Amino acid sequence: MASLVGSRVERKEDKRLLTGKGRYTADINIANQTYAAFVRSPHARAKIKKVDTSKALKASGVVSVLTGEEIATDKIGGLIAGWAIRSEDGSEMKVPANPPLAKDNANFVGEPIAVVFAETLDEARAAADLVSVDYKVLKGVINTGDAMKSEAIHDGIDKNLCYDWLLGDRKAVEEAFAKADKIIKVDLINNRLVPNAMEPRACVVDYNTASEEITLYTTSQNPHLSRLIMSAFGGVAPENKLRVVAPDVGGGFGSKINVYNEEIICSWASKKIERPIKWIAERTESFLTDTHGRDHVTHAELAVTNDGKFLGFKNETIANLGAYARVFGTVTPTYLFGPCATGVYTIPAAYSNVKAVYTNTAPVDAYRGAGRPEATYTIERLVEKAAMELGIDRTEIRMKNFPTEFPFKQTLVHTVDSGDYVSGLKKAKEMADYDGFEARRKKSESNGKLRGIGVSSYFEACGIAPSAVVMSLGCGVGLWESSEVRFNPTGQVSVFTGAHSHGQGHDTTFAQIAADELGVPLETIDVVHGDTDKGTFGMGTYGSRSLAVGGIAIVNACKKIVAKGKRVAAKMLEVNEDEIDFKDGEFVVTKSNKKKTIGEVAFACYLPGSRDSEFKSPLPEGEEPGLIETSFFDPANFSFPAGSHIAEVEIDPETGEVKVEKYTAVDDFGRIVNPLVVEGQVHGGIAQGIGQALHENTEYDETGQLITASYMDYTMPRADNFPEFNLGFTCTHATSNPLGVKGCGEAGAIASPPTIMNAVIDALGGQEISMPATAEKVWRACKLLKKTNSKAA
Amino acid sequence: MKTFNYHTPKDVKEASKLASSSSAFLAGGMTSVPSMKLGLATYKDIIDIKHIKKLSGIKVSGKSVTIGATTKHVDVATSKEVKKAIPSLAKLAGGIGDAQVRNRGTVGGSIANNDPSACYPSACMALNAIIHTNNRKIEASKFFKGMFETALKKGELIEAVEFQIPEKSNYQKHPNPASRYAIVGVYLAKHKKEVNVAVTGAKSSVYIDKDLSKKLSSSFSSSAIDGIELDSSEMNSDIHASGEFRASLVLTYAKKAVEAC
Ligand SMILES: Cc1cc2nc3c(=O)[nH]c(=O)nc-3n(C[C@H](O)[C@H](O)[C@H](O)COP(=O)(O)OP(=O)(O)OC[C@H]3O[C@@H](n4cnc5c(N)ncnc54)[C@H](O)[C@@H]3O)c2cc1C
């Protein structure tokens, strides 16, 4: 039987998803349901003096109106930060309380203050308009860079500082810098992004008054984790009385990791009003209240020798957490960012210092790549600038500093098990026709255009994560994953996983893995996920972990199935276990060629008896009936995808328009289970990264109003913003898991922003501009370039 | 969205009878529906004019192209007659928003709305259009009054827009990267006796740049407008483009338009 792992199997879920047969939270309706509408703060920062619900309560169709008072009385817990980060001085991070409904203070535009439940959505909305809130408006703290200099927005959190974190050795860095021929410096802004999942957040809650069980249907990347948090910290219900179901989820990019206010509020309220509740975010609510991504202000330096060797690196960053610290909010700018900031290079000394600040803006959390795009942008801007200032070819300077031996002990935290950065970059150069660039540049110039080329080499740490490591770094949970593989009596297989697809194609790729392990046809396998009542516990999908952690749990559970199957087959075939080989779904006696298929064995496991007079069980002595196995996998290390991307852009100096002419990506994701799915992930990631580099920006005005709160102003990239992506792969297997896989979900978004910006800056003759490189910024840079060029001439 | 009465009149007479101070005509709904949804506008009566046959269609005579008010952008963009008579008008329609917007949005709705960054108003100005309503004919130069303001009286219905066929013309647009409306749009039309340079997106409402029009009337070449500095003080400034950038774009696209003619 040909191996399914590695083949371009078309996505099983697409028939459902592309023909409108997907089942999303908004598709779920419960008889007698009420509709929720939230009253949200119109102010970035205000004291809540009084909330008057009397008019709303009298409005047509209104069932109930609840406020922060009630939720506090019922002792429902607030939203949490999932990682405890310590400051350089050893002190604990400072985290403000984040009640689901704000009672005393509103801290960002869109923060929920009250909620109305009514018979229809229109009635709920109309009544929400009647809730009158008396605010004392205060001056907000909006800007990342100014936060530490401004008035504290949370009581007891001095300078708005959550922590001042250090990773690395300042002294060693100073010594290295003292030896340098040159110090390369950059000042960077990593622009804040709105995740923009296609499906807005939603929840439907059904409380059963008899069993006292709450069923929450929600748009979550990690339903099990949501249940744990809501139960342990929210106190909404004990875990056994809370079922969390995330049906089809239409994109998340990190924004659906968090348990949000609305889910906690509706779950609590459903019990209170004894009615089911439905809530679907409007697109504006998504813009205002989904966790945002990035938002760093960075100063970084690279110490180099004249011949291009890197000696030391330092990174001083202010990271904006928004108004509150959320699940991955505090770790994203520290352990997911700092270690990767030295990139794919051997740099003897380095440190990353990050100050995380609170502001009166939407909370910031993990967003595709989470910390690693920011890290890669920092180091790859520095490296490109070093090449430019030293007059060394940008690819040569990279090759010169790549590690050549693996495992590669990276400067700050990670030991990278495998990789081959040189081959990746060489392949990318070939595919991009790097050497032919100068000719293309001349051609563009003859048409009055500016052309630039940019490279970025990256690695990232994903497959999160070894529990012992992450818990020692402050994580509140272990990041293992589990799976249950259930062979049904009649031969089909259900694969339960704690990971949860929100677009990644798990229905297909996980089935491929199981099919190979068990030797059964793909069609007989169903992947089941997204329901805490179905299958074992799990941590969900983010940090490119589903395959590298969740997939391995599946493999291991399948191996247990085969092991048991072998014991049973041996009994059935009346031989010793070691005389049997398992291959292509058959247990074969090597000597005699007698065999049983895995289906026959499964059947026997469930029907351990016969109608013969003599009792003859196929099960060996002491073997339990059934064929169901569970496995928990806790990886020994992160996995480390890596690669090199090369982009070419063409700029019209008159209009400032930037066109991406060519984009080449060569990635090493270890073994690839399904190239079709992987290419899709890379395409999406690159598109998102180009979005960040050229188009997307989240702008608050000085009062904290979100100016880019709709698609009329927030520039989502579109298909016509992209060239055809030219993809290539190299392969070194991960050694930390038996499949040798590394994870591919975030790489595109990690590598592409610096690739594009390096190309833009190259076209602009080295003038630095910030992301997104919009037409006006580029036009201004072109004007300057013209001036300097004419002066030089 | 607040509730409203929905009407589908069969003819213009019935439509205008239904109109009141708290009604709105509904054409493509690309502007009116979102603004109702967001609570920016509320009406008691919505008068859907899409079912009035007479209001849709394209007629070309020797001198003019007349487009019915409810003709969709996609139909103008793909019309063989329009492409032949005034290719730049078809190009303009084909560059509006995105496919979804073009499949519903209409020329009547576009000019009745007079969004400062809409494309059609510039075509009307440059092509000396005449706006036919159920009561009268209005010259384009008297139709667009200011930001979202037109000469239309309450309840007055646009029936068709008549564009004068120029000798040569071209439309150049710098799209807003998010909405794809015009940050700046320059419609250049060379008529027998004059050249019109109409600009949209740059100021509070569409306008004819007299200076550029005059220079190009005397010499129709991009060098004729080389070195001109446009005053940016009245230009729009927002997160996507400052007034200074817009001023530069007007000139850049005016030159591109001349070169493309
Ligand atoms: C995302 C997006 C991008 C866009 N990009 C562009 C662009 O690039 N360029 C551009 O030019 N436009 C653009 N538009 C506008 C679009 O092309 C429509 O023309 C515009 O939204 C209004 O046309 P409509 O037919 O949808 O009118 P409606 O929304 O139905 O009506 C708009 C207004 O006009 C009134 N009205 C409609 N028809 C008549 C009539 N016959 N007589 C009197 N009053 C009438 C209505 O009562 C209402 O007040 C864009 C719109 C969107 C949503």
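The values are calculated or read from the model by the stated rules, or taken from the named source; none is laboratory data. Bear in mind the structure is a predicted one, so any value in this text is a computation, not a measurement. Cβ placement follows ideal geometry from the backbone for every residue including glycine, while neighbour counts extend to all protein chains displayed.
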Next on the checklist: I need every pair where a residue in segment A:709-724 that is farther than 16 Å from A:Pro772 by Cα and within 7 Å of another protein chain (Cβ to nearest Cβ) has its Cβ under 6 Å from the Cβ of a residue that is surrounded by 19 or more Cβ atoms within 10 Å (Cβ to Cβ) and of a type outside the set (A, V, I, L, M), sequence separation at least 6 or different chains.
Outcome noted: A:Met712/B:Ser179
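Determine whether A:Val344 is over 21 Å from A:Met148 (Cβ atoms), in a loop (DSSP other than H, G, I, E, B), out of contact with any Lys or Arg (no Cβ under 9 Å at 6 or more places or on another chain) and not polar (S, T, N, Q).
Details: over 21 Å from A:Met148 (Cβ atoms): yes; in a loop (DSSP other than H, G, I, E, B): yes; out of contact with any Lys or Arg (no Cβ under 9 Å at 6 or more places or on another chain): no; not polar (S, T, N, Q): yes.
No.
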Checklist outcome for this item: Flagged in segment B:158-171 as in contact with a Leu (Cβ under 8 Å, 6 or more places away or on another chain) and within 13 Å of the ligand (Cβ to nearest atom), in numbering order, are B:Ile158, B:Glu159, B:Ala160, B:Tyr171
Checklist entry - Do you know which residues across segment A:441-489 are within 18 Å of A:Ala514 (Cβ to Cβ) and out of contact with any helix residue (DSSP H, G or I) (no Cβ under 7 Å at 6 or more places or on another chain)? => result A:Arg486, A:Asn488
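Report yes if some residue within segment B:126-140 is among the small types (Gly, Ala, Ser) and in contact (Cβ under 8 Å) with a residue 40 or more places away in the chain; otherwise report no. Can you show your working first?
From segment B:126-140, those among the small types (Gly, Ala, Ser) are B:126, B:129, B:140; that's our starting set.
Applying the additional criterion that residues be in contact (Cβ under 8 Å) with a residue 40 or more places away in the chain yields B:126.
Yes, segment B:126-140 contains at least one residue that is among the small types (Gly, Ala, Ser) and in contact (Cβ under 8 Å) with a residue 40 or more places away in the chain.
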Item to check | Residues located in segment A:49-75, provided they are of a type in the set (Gly, Ala, Ser) and either touching a residue at least 60 places away in the same chain (Cβ under 8 Å) or buried (at least 18 other Cβ atoms within 10 Å of the Cβ) (or both) | outcome: A:Ala56, A:Ala59, A:Ser60, A:Gly61, A:Ser64, A:Gly68
Checklist entry - Which residues, taken from segment A:683-725, are outside any loop (DSSP other than H, G, I, E, B), surrounded by 17 or more Cβ atoms within 10 Å (Cβ to Cβ) and aliphatic (A, V, I, L, M)? => result A:Ile686, A:Ala687, A:Ile690, A:Ala693, A:Leu694, A:Leu706
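Against the condition under 23 Å from A:Ser501 (Cβ atoms), of a type in the set (D, E, K, R), buried (at least 16 other Cβ atoms within 10 Å of the Cβ) and touching a Lys or Arg at 6+ places or on another chain (Cβ under 9 Å), how does A:Glu661 come out, does it pass?
Numbers: under 23 Å from A:Ser501 (Cβ atoms): no; of a type in the set (D, E, K, R): yes; buried (at least 16 other Cβ atoms within 10 Å of the Cβ): yes; touching a Lys or Arg at 6+ places or on another chain (Cβ under 9 Å): yes.
So A:Glu661 does not fit the description; no.
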Checklist entry - Out of (1) outside any loop (DSSP other than H, G, I, E, B); (2) within 14 Å of chain B (Cβ to nearest Cβ); (3) of a type outside the set (Gly, Ala, Ser), what's the single condition that is false for A:Pro772? => result (1)
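Looking only at residues in segment A:626-646 that are in a loop (DSSP other than H, G, I, E, B) and surrounded by 15 or more Cβ atoms within 10 Å (Cβ to Cβ), which one is farthest from the other protein chains (Cβ to nearest Cβ)?
First pass over segment A:626-646, keeping only residues in a loop (DSSP other than H, G, I, E, B): A:626-627, A:634-638, A:640-641.
If we keep only those that are surrounded by 15 or more Cβ atoms within 10 Å (Cβ to Cβ) too, we end up with A:626-627, A:634-635, A:637-638, A:640-641.
On the way: A:Gly626: 53, A:Leu627: 51, A:Asp634: 44, A:Pro635: 41, A:Asn637: 42, A:Phe638: 37, A:Phe640: 35, A:Pro641: 31 Å.
Per the criteria, the residue is A:Gly626.
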Checklist entry - Across segment A:745-766, what is the total count of residues that are in contact with a Cys (Cβ under 9 Å, 6 or more places away or on another chain) and either of a type in the set (Ser, Thr, Tyr) or not in a helix (DSSP H, G or I) (or both)? => result 3
Next on the checklist: Cβ contacts < 6 Å: first residue away from chain B (no Cβ under 14 Å) and among the basic types (Lys, Arg), restricted to segment A:647-671; second residue buried (at least 20 other Cβ atoms within 10 Å of the Cβ) and part of a strand (DSSP E or B), any location; separation 6+ or different chain. Result?
Outcome noted: A:Lys662/A:Glu648; A:Arg671/A:Val741
Next on the checklist: Only one of B:Val74, B:Val65, B:Val82 is modelled with pLDDT of 95 or more, closer than 23 Å to B:Val258 by Cβ and in contact with a Lys or Arg (Cβ under 8 Å, 6 or more places away or on another chain). Can you tell me which?
Outcome noted: B:Val65
Checklist entry - Considering segment B:102-133 alone, what residues qualify as being surrounded by fewer than 23 Cβ atoms within 10 Å (Cβ to Cβ), in a helix (DSSP H, G or I) and more than 9 Å from the ligand (Cβ to nearest atom)? => result B:Asn103
Checklist outcome for this item: Going through segment B:67-101 in order, the residues found to be more than 14 Å from chain A (Cβ to nearest Cβ), within 25 Å of A:Pro717 (Cα to Cα) and either near the ligand (Cβ under 9 Å from one of its atoms) or in a strand (DSSP E or B) (or both) are B:His73, B:Leu92, B:Ala93, B:Ile96
Checklist entry - Consider B:Ala247 against the criteria (1) more than 14 Å from chain A (Cβ to nearest Cβ); (2) farther than 20 Å from A:Gly448 by Cβ: it satisfies all of them except one. Which criterion is unmet? => result (1)
Checklist entry - Name the residues in segment B:175-189 that are more than 14 Å from the chain's Cα centre (by Cα) and either among the small types (Gly, Ala, Ser) or more than 11 Å from the ligand (Cβ to nearest atom) (or both), would you? => result B:Pro177, B:Ala178, B:Ser179, B:Ala189
Item to check | The lone exception for B:Ser35 - which of (1) within 18 Å of B:Ala160 (Cβ to Cβ); (2) surrounded by fewer than 18 Cβ atoms within 10 Å (Cβ to Cβ); (3) within 12 Å of the ligand (Cβ to nearest atom) it fails | outcome: (1)
Item to check | Count of residues meeting criterion [surrounded by fewer than 18 Cβ atoms within 10 Å (Cβ to Cβ) and modelled with pLDDT of 95 or more] in segment B:234-245 | outcome: 5
Next on the checklist: Kindly evaluate A:Arg125 against the criterion of being modelled with pLDDT of 95 or more, surrounded by fewer than 21 Cβ atoms within 10 Å (Cβ to Cβ) and assigned by TED's automatic domain parsing to the domain that holds A:Thr67.
Outcome noted: yes
Item to check | Residue satisfying all of: in segment B:134-157; polar (S, T, N, Q) and within 10 Å of the ligand (Cβ to nearest atom); nearest to the chain's Cα centre (by Cα) among these | outcome: B:Thr150
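Has segment B:40-53 got at least one residue that is assigned to a strand (DSSP E or B), farther than 20 Å from B:Val107 by Cα and more than 14 Å from chain A (Cβ to nearest Cβ)?
Going through segment B:40-53, the residues assigned to a strand (DSSP E or B) turn out to be B:45-48.
So of that shortlist, the ones also farther than 20 Å from B:Val107 by Cα come out as B:45.
In the following step, the residues that additionally are more than 14 Å from chain A (Cβ to nearest Cβ) were identified as B:45.
Yes: segment B:40-53 contains one or more residues that are assigned to a strand (DSSP E or B), farther than 20 Å from B:Val107 by Cα and more than 14 Å from chain A (Cβ to nearest Cβ).
Residue-wise test of (1) more than 12 Å from chain A (Cβ to nearest Cβ); (2) without any contact (Cβ under 8 Å) to a residue 24 or more places away in the chain; (3) on the phi > 0 side of the Ramachandran plot; (4) among the aliphatic types (A, V, I, L, M).
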position	(1), (2), (3), (4)
B:Ala182	yes, no, no, yes
B:Tyr187	yes, no, no, no
B:Lys190	yes, no, no, no
B:Thr200	yes, no, no, no
B:Asp209	yes, no, no, no
B:Lys214	yes, yes, no, no
B:Ile225	yes, no, no, yes
B:Met235	yes, no, no, yes
B:Tyr253	no, no, no, no
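Kindly indicate which of A:Asn488, A:Asn556, A:Asn576 is free of Cβ contacts under 8 Å to residues at least 24 places away in the same chain and polar (S, T, N, Q). Talk me through it step by step, then tell me what you get.
On the way: A:Asn488 fails: free of Cβ contacts under 8 Å to residues at least 24 places away in the same chain; A:Asn556 fails: free of Cβ contacts under 8 Å to residues at least 24 places away in the same chain.
Only one candidate passes the filter, namely A:Asn576.
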Item to check | Test result for A:Ala31, of a type in the set (Gly, Ala, Ser) and either farther than 24 Å from A:Glu263 by Cβ or crowded, with 18+ Cβ neighbours inside 10 Å (or both) | outcome: no
Checklist entry - Taking the stated definitions as given, is B:Lys54 modelled with pLDDT under 95, more than 9 Å from the ligand (Cβ to nearest atom) and closer than 28 Å to B:Ser20 by Cβ? => result no
